[in-house]
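*Asks:* My questions all concern the structure below.
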Number of protein chains: 2
Amino acid sequence: MEVKKYMEILKLQGQSNKLIQDQVVVEHPFTIFLNQEELVTILCSPDLLKELALGFLFSENYIEDLGEIEKMEIGQGSKTINIRIKDKNRDLRDKYRGRRTITSGCGKNTSFYNIVDSKSSKKISKKMYIKPMVVVQLMKEFNNLSVLFKETGGVHSCALASTEKIIFYAEDIGRHNALDKVLGSGHLLDLDFTDKLVLSTGRISSEMLIKTGRRGIPIIISRSAPTSLAIDLAKELGITLIGFARGDKMNIYNNFPSVDF
Amino acid sequence: MEVKKYMEILKLQGQSNKLIQDQVVVEHPFTIFLNQEELVTILCSPDLLKELALGFLFSENYIEDLGEIEKMEIGQGSKTINIRIKDKNRDLRDKYRGRRTITSGCGKNTSFYNIVDSKSSKKISKKMYIKPMVVVQLMKEFNNLSVLFKETGGVHSCALASTEKIIFYAEDIGRHNALDKVLGSGHLLDLDFTDKLVLSTGRISSEMLIKTGRRGIPIIISRSAPTSLAIDLAKELGITLIGFARGDKMNIYNNFPSVDF
């Protein structure tokens, strides 16, 4: 499906105005059915839909391993996906899903506000070092890929990279979807995430950190700002968080020695 | 509560680096309890929390009238709010909540993907005209208010305005929250929304349009891009949608005659 389309708009500047055909980004409702039950409708850019669904199921802790998937089938003009899984943890998940704990100290730490997230995120075990020049180079390559943003101004980009190059790249109207798409691409190949990096154009909130942490990815880099809670979680999980990575500038929020000068 | 705080960061530029105290935007988990049941945890900037909760309940169709609220009480260091409502529509809402329809033509049109949204949005009955110079002037005033964005780069802004001036203004880490905050501010005063405008810094997705439509607000303006689905919904609801409003430029996506030259 097309991720953009032309629509007629009235373009104004000062006293002048003209009707033109302009490109706008497509927003597509995409519904996941899990074991024949309607799970969620994600509003997204309609590409990499299988990857998006897979990334979402891992992110939300419905599955932990690709082997749990028995069937994935896109249906109804890409409006739905039917997924069958071996749902061994269903009772536990149903118990905690949507139940947010607001008390501190729910198990291992104080920044998590959801029991499922807290239990399923793991501290980074393999420390990874990165040179600032590598960050500059990767972000340059990353920005050059963002064609849809240049055309429509309506999307966020995300990439999964090694220290050498970008491996997967995705754009979406939602920054969480873009992240789930590149993570889902990795899951499809059963990729080792523990020596990879996440690059994003969007702000880094706690949810972005939790998605990254669930895969054991040691470094996340954005051209935008992080929130305080994302920084707290990064410290707890040992993930190196870099923000405002623009040109040869960047802010490093934790793990200062991980950046190798 | 503070919406920003200082944290120690390592600031890099080219070969130089220094440890500094920098301002980051606070992300705050805020849980709404409705009639003693845990409803949702919103990740937000911790100000205007009562307005946020109220705006959210209207947006999600839990209430239709301020008179339905019997009690609102912020608790636990602003981490929770307890709200009691006369829950007359509960059965209907429980039936449809989270049930997204993916078939077309669910009642009145094809753009809505949720039955509750479709039933509770109303077509604009009172047409409103606006002069481009008014848009330029309001957006200038709006941009000048955005102090937290200038300090942290981590928030979106939203305002509720008349054609004369900005009435309510809010900033939040989430653009949906910022919108719910200004709408909630309006609900608290039982404001007539049908001659007001929404201003936003963020992208206009279908959800932003639905929130606006639910209040009968005839015009929404953003400095960013809209999605295709937001434009479709704007056309169906009769809401004038203006995007990329920057300086003396703007794009008008529908209702072309509503802009009065």
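The values are calculated or read from the model by the stated rules, or taken from the named source; none is laboratory data. Worth saying up front: this structure is predicted, and the values here are computed from it rather than measured. Every residue, glycine among them, receives a Cβ derived from its backbone with ideal geometry; neighbour counts consider all protein chains shown. Accessible surface areas use protein heavy atoms only, side chains included; no ligands, DNA or RNA. Shrake-Rupley method; radii C 1.70, N 1.55, O 1.52, S 1.80 Å.
*Asks:* For residue A:162, which inter-copy label distances result when the label point lies 7 Å beyond Cα on the Cα-to-Cβ vector, reported in nm to one decimal and in ascending order?
*Replies:* 6.4
*Asks:* Would you kindly work out the equivalent ellipsoid of region B:1-86 from its C-alpha gyration tensor and give its semi-axes, the square roots of five times the eigenvalues, largest first in whole Å?
*Replies:* 38, 12, 9
*Asks:* Additional query: So for the pair residue A:11, residue B:144, with labels modelled 7 Å out along Cα→Cβ, what separation do we get in nm?
*Replies:* 3.0 nm
*Asks:* Over the protein assembly as shown, average the accessible area per residue using a 1.4 Å probe and give it in Å², no decimals.
*Replies:* 42 Å²
*Asks:* If eta is 1.306 mPa s and T is 10 °C, what Stokes-Einstein diffusion coefficient results for chain B, Kirkwood Rh from Cα pairs, in µm²/s?
*Replies:* It diffuses with D of about 82 µm²/s by this estimate.
*Asks:* Something else about it: In nm, what does the list of distances from residue B:147 to its counterparts in the other copies look like, shortest first, when each label sits 7 Å along Cα to Cβ?
*Replies:* Spacings between copies for this position, smallest first, are 4.5 nm.
*Asks:* 5 Å is the cut-off here: which amide hydrogens, built 1.01 Å from N in the peptide plane, fall below it relative to residue B:254, excluding neighbours closer than 5 in sequence?
*Replies:* Amide H to amide H, under 5 Å and 5 or more residues apart or across chains, residue B:254 pairs with B:241.
*Asks:* Select from A:242, A:10, A:81 the residue farthest towards the positive end of the dipole of chain A; place +1 on Cβ of Lys and Arg, -1 on Cβ of Asp and Glu, and compute about the Cα centre.
*Replies:* Highest projection toward the positive end goes to A:242.
*Asks:* For region A:211-218, what does the Karplus curve 6.51 cos²θ - 1.76 cosθ + 1.60, with θ = phi - 60°, yield as ³J(HN,Hα) per residue in whole Hz, taken in order and with x for Gly and Pro?
*Replies:* 4, 5, x, 4, 8, x, 7, x
*Asks:* Summing -39500 (n - 2.57) over the DSSP H runs of n ≥ 4 in the protein assembly as shown and dividing by its residue number, what mean residue ellipticity at 222 nm do you reach, to the nearest 500 deg cm²/dmol?
*Replies:* Helix contribution divided over all residues of the protein assembly as shown: -8500 deg cm²/dmol.
*Asks:* If the reach is capped at under 17 angstrom between alpha carbons, list the aspartates and glutamates near residue B:165, excluding any in the same chain fewer than eight residues apart.
*Replies:* B:141, B:192, B:195
*Asks:* Further question: Return the percentage of antiparallel bridges among DSSP beta bridges fully within chain B, rounded to the nearest 5 %.
*Replies:* Counting only bridges with both partners in chain B, antiparallel ones make up about 75 percent.
*Asks:* Report, in listed order, any pair from A:5/A:71; B:4/B:86; A:140/A:235; B:79/B:150 with a Cα-Cα distance greater than 28 Å.
*Replies:* Listed pairs above 28 Å: A:5/A:71; B:4/B:86.
*Asks:* Another question, if that's okay. Considering amide H positions built from the backbone, and no H for Pro or chain starts, which residues 5 or more places from residue A:4, or on another chain, come under 5 Å of its amide H?
*Replies:* A:26
*Asks:* Just how large is the dipole of the protein assembly as shown about the Cα centre, in debye to the nearest 20, putting +1 at every Lys and Arg Cβ and -1 at every Asp and Glu Cβ?
*Replies:* I would put it at about 340 debye.
*Asks:* To continue, here is another question. Counting only protein heavy atoms and a 1.4 Å probe, tell me what percentage of the protein assembly as shown's accessible area is made up of carbon and sulfur.
*Replies:* Its accessible area is 50 percent carbon and sulfur atoms.
*Asks:* Compare the peptides A:11-22, B:25-36 by average per-residue count of other Cβ atoms within 10 angstrom and give them in order, highest first.
*Replies:* Most protected by this proxy first, the peptides run B:25-36, A:11-22.
*Asks:* In Å and on Cα atoms, what radius of gyration and Dmax does region B:4-45 show?
*Replies:* 17.8, 57
*Asks:* Taking a label point 7 Å out from Cα toward Cβ, give me the nm distances from residue B:125 to the same spot in the other copies, shortest first, one decimal.
*Replies:* Taking the point 7 Å beyond Cα along Cα→Cβ, the inter-copy spacings are 6.4 nm.
*Asks:* Project the alpha carbons of the protein assembly as shown onto their principal axes and report the range along each, largest first, in whole Å.
*Replies:* 61, 52, 47
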